[in-house]
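Student: What follows is a single structure, and I will ask about it in a moment.
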Amino acid sequence: MENQLQKLSLKERTKKSLIILVVAILCDVGLALVKLYVGLAANSLMIMLDAVNSFFDVLTAIATVVAFSLLFIKSDEKAPFGYGRSEYVAGFIVATVSVVLGGVFFMRSLNRLAMPEPLYFGTLYCTLIAIALAVKIGLAVMFALANKKYKSKALSALMLDSFLDIGITTASVISFAVSAYVEYAVDAIFGIVVSIIIVVYGVLMIVDNLKGVVLGDKCEKEKEAVRTVFSGLEGVKGVAKIMLHDYGFNVKIGTIEIVPESIDDIGDLLARCEETSAKLKSEEGISVQIVLKRKSDEETQEN
């Protein structure tokens, strides 16, 4: 019950997440334009691919903004439990774009490896890309801190994507610098290696977010919180079973089976349980239906 994450309201969490996303979009637009200029001017495959990656980052961030905006829509007959799981869909989109982009990187790098082209090295170009790298590191740290606080699949996917981008941009700087002294298609080799890494991590993110879309969160922490609260109630002998379903941040719905100590004060026990349930819903976003069940100590099980 001391979990500070759960004490954040859905509205507050969504607003702060949207602010973070808007900052990321503005930064990514600037990074994409800078990288595109350098890539075209220097004829660097890695930097041009990095620029394309930044443009895709803008699109995925916009998709995430749309997903978070859906959280402001009140629940209705079509979505009685709200639109909280749209975050998982946004995370899936980010991961899918990463895989597609990695595949494009790979094919283009193979083409450049087969038909090498000259690069035009310049100190200004290296400086601009180095600055872009510093900005991307800042964005990755921002997403990491935000995800630690808000625990969002979408922000988690963007965080991982940002750390991948750092690797891409670092590889761009290194390959560009090495290309000034080596005539062979260094940027093509770097492009192949980086694209394989992007695809592998992208697939892992897709699997993780698909689990969120299809299965939802397992709600283990929430189950433990519910068990602790109800087990400590007067008149409760034990908790037989807890079932919770995940519908996004601060929306966990299910049932709890309570084993009463006796049947003499069932009315009072139900009143205490209902009061506790209402408190859980308002403070933790956990809505549970109370079910009383007669069991012996040996039959009471943990779930």
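Just so it is clear, none of the values below were taken in a lab; they were calculated from the coordinates. Quantities reported herein were computed from a predicted structural model and do not represent experimental measurements.
Student: Under 5 Å between amide hydrogens, which residues at least 5 positions from Lys293 or on another chain qualify, with H placed 1.01 Å from N in the peptide plane?
Tutor: Those qualifying (amide H under 5 Å, at least 5 residues apart or on another chain) are Ile258, Val259.
Student: A further question on this structure: Too long at a 31 Å Cα-Cα cut-off: which of Lys151/Lys241; Lys149/Lys281; Lys149/Lys211; Lys15/Lys241; Lys149/Lys223?
Tutor: Lys15/Lys241
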